Amino acid sequence: MITIYHNPRCRKSREGLALLEASKLPFEIRDYLNNPPEIAELKSLTEKLQMEPMGLIRQNEAIWKEKFKNKKLTDVQIFQGIKDFPILLERPLVVSENQAVIGRPPENILKILKPGT
């Protein structure tokens, strides 16, 4: 099953959702702002994305600048920051059973929809 971590107020997230809808593949929408991912889930996402935890962070968000910027954080502290302030999570994230992509640009989502591209 494909899952999109979606923020309906985000243009890129809406564009990513439109790509999924057009694919006609089954998927589910994860309202991560109201249902934040757990730390273990965030760790799994970084593994599927093959990136460090900082790659999940939207560093231009005001909450990041106010609470976290220029601090030396462990991976667990970064994950906890996302759990506590889910607006920090990069979006949209599209995840399948064994891979994930950040949909910026939205065309990245095609890697999930058409494996091997």
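Values in this text are rule-based calculations from the coordinates and carry no lab data. It should be emphasised that the depicted structure is a prediction, and the values quoted were computed from it without experimental measurement. Because the Cβ atoms are built from the backbone with ideal geometry, glycine has one as well, and the counts that use them run over all protein chains shown.
Near Arg30, the amide H atoms lying under 5 Å from its own belong to Ile4, Tyr5, His6; only residues 5 or more places off or on other chains count, and H is placed 1.01 Å from N. Derived scalar couplings between HN and Hα for the range 62-68 equal 4, 5, 5, 4, 6, 10, 10 Hz in order, rounded to whole Hz, by the Karplus curve 6.51 cos²θ - 1.76 cosθ + 1.60 (θ = phi - 60°), x for Gly and Pro.
Mind sorting Lys111, Lys24 by how few other Cβ atoms lie within 10 Å of their own Cβ, fewest first?
Least to most surrounded, the residues fall as Lys24, Lys111.
Subtracting the Cα-Cα distance from 0.36 nm times the residue separation, let me have the gained length for Gln50 to Asp75 in nm, one decimal.
On the way: separation 25, 0.36 × 25 = 9.00 nm, distance 1.41 nm.
My answer for the length gained is 7.6 nm.
Summarising the amide proton neighbourhood of Gly103: residues at separation of 5 or more, or on other chains, whose placed amide H is nearer than 5 Å comprise Leu93, Val94. On the basis of the beta-carbon distance and an R0 of 25 Å, Glu66 and Arg14 show a calculated FRET efficiency of 0.40. Helix 11-23 and the longest principal axis of the Cα set of the chain meet at an angle near 30°. Taken over the range 2-113, lysine pairs spaced eight or more positions apart, or on distinct chains, with alpha carbons under 16 Å apart number 4.
Rounded to whole numbers, the Karplus 3J(HN,Hα) couplings from phi for the range 72-80 are 7, 10, 7, 4, 4, 5, 5, 4, 5 Hz, using 6.51 cos²θ - 1.76 cosθ + 1.60 with θ = phi - 60°, and x at Gly and Pro. Averaging sequence separations of C-alpha pairs under 8 Å and six or more residues apart, then dividing by the length of the chain, give the relative contact order as a whole percent. Across the chain, relative contact order equals 35 percent.
Across the range 35-45, coupling constants 3J(HN,Hα) worked out from phi with the 6.51/-1.76/1.60 Karplus curve, θ = phi - 60°, read 9, x, x, 6, 4, 4, 5, 5, 4, 4, 4 Hz, and Gly and Pro carry x. Summary of the geometry: the range 72-117 and the range 1-55, compared by the centres of their Cα atoms, lie 6 Å apart.
Taking max minus min of the alpha-carbon positions on each principal axis, the range 2-113 gives extents of 43, 27, 23 Å, largest first.
Dipole magnitude for the chain: computed about the Cα centre from +1 point charges on Lys and Arg Cβ and -1 point charges on Asp and Glu Cβ, it is near 400 debye.
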